[in-house]
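Notes follow the structure.
Bear in mind these aren't lab numbers, they're just calculated from the coordinates by the rules spelled out. These numbers were taken from a predicted model, which means no experiment stands behind them. As a convention, Cβ positions derive from the backbone with ideal geometry for all residues, glycine included, and neighbour counts pool all protein chains shown.
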Amino acid sequence: MLQEIILAGFGGQGVMSMGQLLAYAGMEEDKQVSWIPSYGPEMRGGTANCSVTISDVSVSSPLISEPDTLIVLNRPSLEKFEQDIKPGGLLLINSSLVDRDPLRKDLRILKIPADDLANEKFGNTRVANMILLGAFVAITKAVSLDSVVGALKKVLPEYRHNLIPLNRQALELGAELASGA
């Protein structure tokens, strides 16, 4: 199994946290992983993306030019990375903030209004990223949902561990939405 993922959005949407969670979850499952962050000019509001590779064998290069999966949290990210996805790859879109359809027709596409659902179900748009991550895990099975929840303990500072149940609920909602798609 080899899964190469690009996650992209605005700074402050939790893109880097999503990537870290995938990498730590992969490590918990004794998989080979790489995580490469890329920040725009600002931490909050600027563009941010990261590349994650999860594999059963050694990762020969952490650089990803043609991802299996693209997870976009905003429209600029869709415009920047859509053409890079492998034909037949997975495109997960936060349709709350992406107001156009993808141009590619050779992809598996799932649109989830993650910000709207996070606000409606949890009263907190900061878990929109977890909804998308839960959908990714359910579709690809690159790592288990339990491993992602376990990784929250490593990624979140200890004083934020009270947020783990909320993040788990958001992950589970995303997984449920993906299984119904």
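Summing Lys, Arg as +1 and Asp, Glu as -1, what charge do residues with Cβ under 15 Å from the Cβ of Pro67 carry, Pro67 excluded? Numbers along the way, then the final one.
Values: positive: Lys80, Lys86, Arg104, Arg108; negative: Glu4, Glu66, Asp68, Glu82, Asp84, Asp106.
After counting each charged neighbour, the total is -2.
Need the list of lysines near Lys105 for cross-linking: C-alpha distance under 27 angstrom, and skip anything on the same chain fewer than eight residues off.
Counting by Cα, and skipping residues close in sequence, Lys105 has these lysines nearby: Lys80, Lys86, Lys141.
What is the spread of the Cα atoms of the chain along each of their three principal axes, largest first, in whole Å?
40, 38, 38
If we count every other residue with Cβ under 14 angstrom of Ala178's Cβ, Lys/Arg +1 and Asp/Glu -1, where does the sum land?
Working: positive: Arg108, Lys111, Lys141; negative: Glu172, Glu176.
For residues surrounding Ala178, the net value is +1.
Whose amide H sits under 5 Å from the amide H of Ser95, counting only residues 5 or more places off or on another chain, with H placed in the peptide plane?
Ile112, Ala114
In the Gaussian network model of the chain, springs joining C-alpha atoms below 10 Å, which of Asp146, Asp116, Asp68 carries the largest mean-square fluctuation?
Between Asp146, Asp116, Asp68, it is Asp146 that shows the largest mean-square fluctuation.
Under a Cβ-only charge scheme (Lys and Arg +1, Asp and Glu -1), can you give me the dipole magnitude of the chain about the Cα centre, in debye to the nearest 20? Present the calculation step by step, with values, prior to reporting the outcome.
Working: 17 positive and 21 negative charges, 47 e Å.
With Lys and Arg at +1 and Asp and Glu at -1, about 220 debye.
Can you list the HN-Hα couplings for the stretch 24-33, worked out from phi with the Karplus curve (6.51, -1.76, 1.60; θ = phi - 60°), rounded to whole Hz and with x for Gly and Pro?
For the stretch 24-33, the Karplus curve yields 5, 4, x, 5, 4, 9, 6, 9, 8, 9 Hz.
Would you please give the residues with an amide H less than 5 Å from that of Leu107, counting only those at least 5 places away or on a separate chain, with H modeled from the backbone geometry?
HN-HN under 5 Å from Leu107: Gly88.
Projected onto the charge dipole of the chain (+1 at Lys/Arg Cβ, -1 at Asp/Glu Cβ, origin at the Cα centre), which of Gly134, Phe122, Leu22 gives the Cα projection farthest towards the positive end?
With unit charges placed on the Cβ atoms, the residue in question is Phe122.
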